[in-house]
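Before any comments, here is the structure.
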Amino acid sequence: MGATWFKEPKYAWIILGLLWITGFIGALTRFIMAYFQVQISEDLGIGRGFISMAWSTNLLIAALCAPLGGWLVDRYGPKKVMLASAIMITLGTGTVVFGHYSIVFFIGYGVISGFAGLGSTATYMLLFEWFRHHRAKATALLASASSLGLAVSTPVFVSTSWLTWKDAFSFSLVLGIIVTLPVIGFGIRAHQPKVHLAVMEPEKGSLAAEEPERPQAVSPSLPRVAAPLPVFILVACALFTCGFNMGTVEMNVVAIHQLASVSPGMIALSMSVLGVMEITGSLLFGYLLDRINKFVMMAVLYGIRIIGFAFLFMHVGGSPLLFAIAFGITYLSAIPGGLLIVHEYTGGKGKQTGFLLLFHQGGGILGALIGGISFDYFHNYQALIGADLLLCTIIASGYFYRYTTRKRNLRLRPQQEASA
């Protein structure tokens, strides 16, 4: 297999670096839609509801493309699907840049860029194929790319008032053409090493690790033990909740702070802190997910989110920063953590990963839409934040219950076998 770095193929780390670069560039469009909502509305003469509809349409198309992308990955490999995805987002960004009307903006960002969802599964499957011992760390490092992009973009555009959303889209288009497309086309190797994907061996000295489940024949004479919550269903619900949280934050958090009379300077600071904490949290959880039981870590992650949304709900003086810290540290780890659990406990394939990402995108769509509906009906966002609190509480409890049930069954199994 050639040279290795930290027990992984040398080229695995090179691929991770290339994917990191493309992820950094991809963060620009996320920043534009989050920060320039008012300017886009004024320049194009459209309401914020129209922008929300474009955002939601983008998420909907990406969600519907995720299972299809997973099937394509299983059939044609990650590289071709990633290249098709990059072409679609480049075409969508170009449509926005060279168009001058609201309908063109909607088609470019809401429709064409949405088809980039074809590649949402490919990146994870590519990393799962190349990495065996450091999968969680690899996904965490990759996730940090978009967060660093957010942390860098925010102060640059905030401090330079003459830069507009058009400039940001144009910069994104140029980088997509001269960097992203060549990196994927010429840098990603189509042939991956054949490794056993279903079970990841924990590192030496690991604190984790119960062995992933395997179907076992149990004698009818043995007493029954509690049936654990199905892994796929639990993770699907968790990713839906994560998407709902992200839809709340990416589409509505600035408006929530503005409604609470938070100063523009504090809002900008909290957004930068959010980006920095995303990087910190992804690296921290990436390290811990490789060493500690993943169900425990996911329960902790959603528990921290409960604290963050509680601060946001109360609107105390330091709420923007406290929320940015608590939510930011968990922001990028829920998806990799959930997909790792499914991949290792059920031997998940591309199609399975695609359907899980569909649940996540569906949650994001509802989170963004319910925010606007909630404000129109209640004239505040408290109901939306309350829904986030409830969903996170259910998922944190579900992960912890799944962990304790599994441990109890493991303790009971030797007693059953002995009694037989």
Original post:
Does region 320-400 come out rounded, prolate or oblate, given a ≥ b ≥ c as the square roots of the eigenvalues of its C-alpha gyration tensor, rounded meaning a/c under 1.5 and, failing that, prolate meaning a/b above b/c?
Top reply: prolate
**OP:** Largest first and to the nearest Å, give the Cα extent of region 39-95 along each principal axis.
**Re:** 44, 21, 11
Original post:
Order of 135-148, 172-185, 65-78, 235-248 by packing, highest average Cβ count within 10 Å first?
Top reply: 235-248, 135-148, 65-78, 172-185
Original post:
By the scheme Lys and Arg +1, Asp and Glu -1, what is the net charge of all other residues having a beta-carbon under 14 Å from that of Gly275?
Top reply: -1
**OP:** Compute the distance in nm between two label points, each set 7 Å from the Cα along the Cα-to-Cβ direction, one at Arg30 and one at Arg189.
**Re:** 2.8
Subject >> Cβ-Cβ FRET estimate between Leu259 and Ser41, R0 fixed at 22 Å, reported to 0.05 >> reply: 0.85
Original post:
Per 5 Å bin, what percent of the C-alpha pairs of region 249-292 does each bin hold, from zero upward?
Top reply: 6, 20, 20, 18, 12, 11, 8, 5, 1
Subject >> Cβ crowding within 10 Å averaged over residues, with 327-339, 377-389, 394-406 ranked highest first >> reply: 327-339, 394-406, 377-389
**OP:** In whole Hz, with x marking every Gly and Pro, tabulate ³J(HN,Hα) for region 377-384 from phi via Karplus 6.51 cos²θ - 1.76 cosθ + 1.60, θ = phi - 60°.
**Re:** 8, 9, 6, 7, 10, 5, 5, 5
Original post:
What is region 281-367 by shape, rounded, prolate or oblate, if you read a ≥ b ≥ c off the alpha carbon gyration tensor as root eigenvalues and call it rounded for a/c under 1.5, prolate for a/b larger than b/c, and oblate otherwise?
Top reply: oblate
Subject >> FRET efficiency, 1/(1 + (r/R0)^6) with R0 41 Å, evaluated for Leu390 and Tyr287 via beta carbons >> reply: 0.85
**OP:** State, to one decimal in nm, how far the label point of Val152 lies from the label point of Met266, with both points 7 Å from Cα in the Cβ direction.
**Re:** 3.0
**OP:** Using θ = phi - 60° and the Karplus relation 6.51 cos²θ - 1.76 cosθ + 1.60, list the HN-Hα couplings for region 77-92 in order, rounded to whole Hz, with x at every Gly or Pro.
**Re:** x, x, 4, 5, 5, 4, 5, 4, 5, 5, 5, 5, 6, 5, 5, x
**OP:** Report, by chain and number, residues whose modeled amide H sits under 5 Å from the one on Thr4, excluding near sequence neighbours (fewer than 5 apart, same chain).
**Re:** Lys10
**OP:** Between Ser170 and His379, take the C-beta separation as r, use R0 = 30 Å, and let me know the FRET efficiency to the nearest 0.05.
**Re:** 0.20
Original post:
Once phi is turned into θ = phi - 60°, what whole-Hz ³J(HN,Hα) does the Karplus curve with 6.51, -1.76 and 1.60 give for every residue of region 322-331, x standing for Gly and Pro?
Top reply: 4, 5, 4, 5, 5, 6, x, 5, 10, 4
**OP:** Decide, for region 268-420, between rounded, prolate and oblate: order the square roots of the alpha carbon gyration tensor eigenvalues as a ≥ b ≥ c, take rounded if a/c falls under 1.5, and otherwise choose prolate if a/b is larger than b/c, else oblate.
**Re:** prolate
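Values quoted throughout were computed directly from the atomic coordinates according to the rules given, and no laboratory measurement underlies them. Bear in mind that the values here come from a model prediction, so they are computed numbers and not experimental data. Cβ: placed from backbone, ideal geometry, glycine included. Neighbour counts: every protein chain shown.
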